[in-house]
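So the structure is just underneath, and the comments pick up after that.
Derivation of every value follows stated rules applied to the coordinates shown; laboratory data play no part. All values reported here derive from a predicted model rather than from experimental measurement. No Cβ is skipped: glycine too gets one built from the backbone with ideal geometry, and neighbour counts run over all protein chains shown.
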Amino acid sequence: MTLSIYDTLSRTVKALSSTKSITSMYCCGPTVYRDAHVGNLRTFILSDLIRRTIEISGGTVRLIQNITDVGHMSEDVVGEDKMLSQAAAEKKDPFDIARMYEARFHKDLGLLNVIVADEYPRASESIDLMITMITDLIAKGFAYVGSDNSIYFDAQAFESYGQISGNRLDALKPGHRYEYSDEGGKRFHADWALWKSAGPRTEMVWDSPWGTGFPGWHIECSAMSMEFLNNHVDLHVGGIDLRFPHHENERAQSNASIDSETVDLWVHGEHLLFEGRKMSKSSGNVVLLSDVIARGLDPLALRLCFLENRFRAQMDLTWESIESADTTLSKWRKKMAQWGDSPKKLVDQEFLNSLEKDLDTPRALQRIRAVEKTDEISDADKRAIFMYADEVLALNLSRREISKNISVEQERLLSARLTARKEKRWGDSDALRAELESTGLEINDSADGQEWSWR
Ligand code: AMP
Ligand code: ZN
């Protein structure tokens with residue numbers, strides 16, 4: 001069997017072509033004007049899970065993930081490039097901002113055991129590729145010079161526009177949110193800028209056959225995916241918000257330039273909410289990986305939380321769920337140590353089948369829990385199955401747990417329990433023990449107080 005996964009374009013669970021020796025993957029990368037939040041990380045981990053599922057059965061993947069460091073316009077302020085507004089806010093050069101957040105993005109991916117992509121092309125260093133592609137699109141009649149000297153894609157020239165998102169051109173009303181109001185020189189409301197004339201802008205601009213300017217966000221991904229994956233993408237990954245207009249426009253550009261379908265499978269991960277709400281700067285609830293670590297939690301606990309949910313379902317992340325995943329990780333690593341120290345791996349078909357059927361990670365984890373609990377599998381084999389599963393789960397299950405610091409809250413509970421015992425409030429002491437145990441600690445009372453260890 002090979003991987004089948006839900007394809008947004010055909011709206012079916014579609015099998016990945018199994019005849020390919022190398023699967024080409026493209027995952028839309030971060031816009032590096034800020035740290036990636038845990039929602040962004042969910043989408044990047046989705047791409048890693050797909051990659052690892054292909055590779056566990058002997059496949060090979062070539063993964064490209066772009067770095068958007070120019071041209072992604074703000075949704076809030078008309079005509080503002082996210083990079084330039086952040087550079088102004090931090091009083092830094094926009095390229096310094098880009099390199100700083102790009103480095104932090106790589107650090108986060110490393111902490112989450114995401115396998116490094118083959119290339120991370122930067123939009124700002126791919127300008128020539130975009131100019132070549134835009135020139136070609138103009139020559140083929142898919143793009144035109146607008147009245148403001150920006151270059152626009154002619155949406156009506158691309159017959160199957162709207163197939164990914166289901167948005168039909170005649171149903172897209174002028175004045176719709178997607179219609180950037182700084183794109184004043186276009187002929188038709190659904191057209192979009194491939195190259196924007198610089199106007200008064202002086203930073204992050206380049207020369208082009210159409211004068212000084214900068215690229216539109218959508219053309220970046222077309223140009224980079226086509227160049228680095230040789231005009232064909234087997235699997236294209238991104239968050240659900242990118243379905244329209246980003247991927248709709250990317251598909252039109254790429255297909256128009258080579259007159260064939262460039263992407264076999266469009267995979268979109270659903271969004272992540274935090275404690276029931278959309279993460280946003282204005283609500284002050286944006287959670288970063290560094291926040292998880294600051295609470296004394298293993299960054300891989302976040303990865304486990306994502307695995308507990310289907311990628312196509314919206315997910316609500318909570319501190320409680322990350323804490324509980326952290327406890328599970330410690331428990332599994334402890335069991336792995338009890339089960340021996342062999343590096344042997346044992347293929348588990350049930351685990352693999354769950355993943356290959358539309359990446360059913362909750363079912364795959366259910367299987368892991370069943371293996372953990374059963375008496376019918378020897379300890380050595382349990383360890384070998386966990387070793388195998390960890391090729392995809394990437395939770396460092398064979399890592400020996402080193403003593404881990406306790407959190408401030410656990411410290412508070414321990415001290416409250418000590419006081420309760422001194423005051424012979426045995427009911428309180430028992431309740432506090434239960435609370436401490438639920439956080440992953442084991443409590444033993446001794447002559448001179450209490451001792452704790454990680455369970
Ligand atoms: P950005 O850096 O904003 O360009 O986004 C990088 C990736 O994260 C894209 O694939 C987005 O679709 C995805 N993304 C953004 N917000 C969320 C979220 N709340 N949950 C999951 N993925 C997200
Ligand atoms: Zn993209």
> What ranking do E437, E451 get, fewest neighbouring Cβ atoms within 10 angstrom at the top?
Replying inline: E451, E437
> D259: net charge of surrounding residues, Cβ under 15 Å, Lys/Arg +1, Asp/Glu -1, itself excluded?
Replying inline: -1
>> Let me check against my output: what whole-number percent is the relative contact order of the chain, with C-alpha pairs under 8 Å and at least 6 apart?
In response: 16
> Taking the convex hull of the alpha carbon atoms in segment 273-393, what volume per residue do you get, in Å³?
Replying inline: 109
> Given H placed on each backbone N at 1.01 Å, which residues far from A143 in sequence or on other chains put an amide H within less than 5 Å of it?
Replying inline: I138, D154
> For segment 301-439, what is the relative contact order in percent, using Cα pairs closer than 8 Å and at least 6 residues apart in sequence?
Replying inline: 27
>> Of all beta bridges DSSP finds with both residues in the chain, what is the antiparallel percent, to the nearest 5?
In response: 50
> Using only helices, what value at 222 nm comes out for the chain when you add -39,500 (n - 2.57) per DSSP H run of length 4 or more and divide by the total residues, to the nearest 500 deg cm²/dmol?
Replying inline: -12500 deg cm²/dmol
>> Give me a comma-separated list of calculated 3J(HN,Hα) values for segment 156-171, in order, Karplus coefficients 6.51, -1.76, 1.60 applied at θ = phi - 60°, integers in Hz, x for any Gly or Pro.
In response: 6, 7, 9, 4, 8, 4, x, 5, 6, 8, x, 7, 8, 4, 6, 8
> Among the lysines, which fall within straight-line cross-link reach of K357, defined as a Cα-Cα distance under 17 Å, with same-chain neighbours fewer than 8 residues apart omitted?
Replying inline: K14
> Cross-link partners among aspartates and glutamates for K345, C-alpha distance below 16 Å, same-chain residues fewer than 8 apart left out?
Replying inline: E55, E372, D379, D381, D390, E391
> Semi-axes, largest first, in whole Å: what does sqrt of 5 times each Cα gyration tensor eigenvalue give for segment 408-454?
Replying inline: 15, 12, 9
> For E220, E442, what ranking results if the residue with the fewest other Cβ atoms within 10 Å of its Cβ goes first?
Replying inline: E442, E220
>> Going by average Cβ density within 10 Å per residue, which order do the peptides 67-79, 86-98 take, highest to lowest?
In response: 67-79, 86-98
> Hey, can you rank 413-424, 41-52 by average C-beta count inside 10 Å, highest first?
Replying inline: 41-52, 413-424
>> Below 12 angstrom from the Cβ of D128, what's the summed charge of the other residues (Lys, Arg +1; Asp, Glu -1)?
In response: -3
> Once Rh is set to the Kirkwood radius over Cα pairs, what Stokes-Einstein translational diffusion coefficient, in µm²/s, holds for the chain at a temperature of 10 °C and a viscosity of 1.306 mPa s?
Replying inline: 65
> Got a sec to turn the phi values of segment 335-341 into Karplus ³J(HN,Hα) couplings, 6.51 cos²θ - 1.76 cosθ + 1.60 with θ = phi - 60°, whole Hz, x for Gly and Pro?
Replying inline: 5, 4, 5, 5, 7, x, 9
> For segment 1-98, what's the relative contact order in percent, using C-alpha pairs closer than 8 Å and at least 6 residues apart?
Replying inline: 27
>> Order these by the 10 Å Cβ neighbour count, fewest first: L109, L302.
In response: L109, L302
> trypsin sites (Lys or Arg not before Pro) within segment 308-386: which are DSSP loop residues with at most 12 other Cβ atoms inside 10 Å?
Replying inline: K344
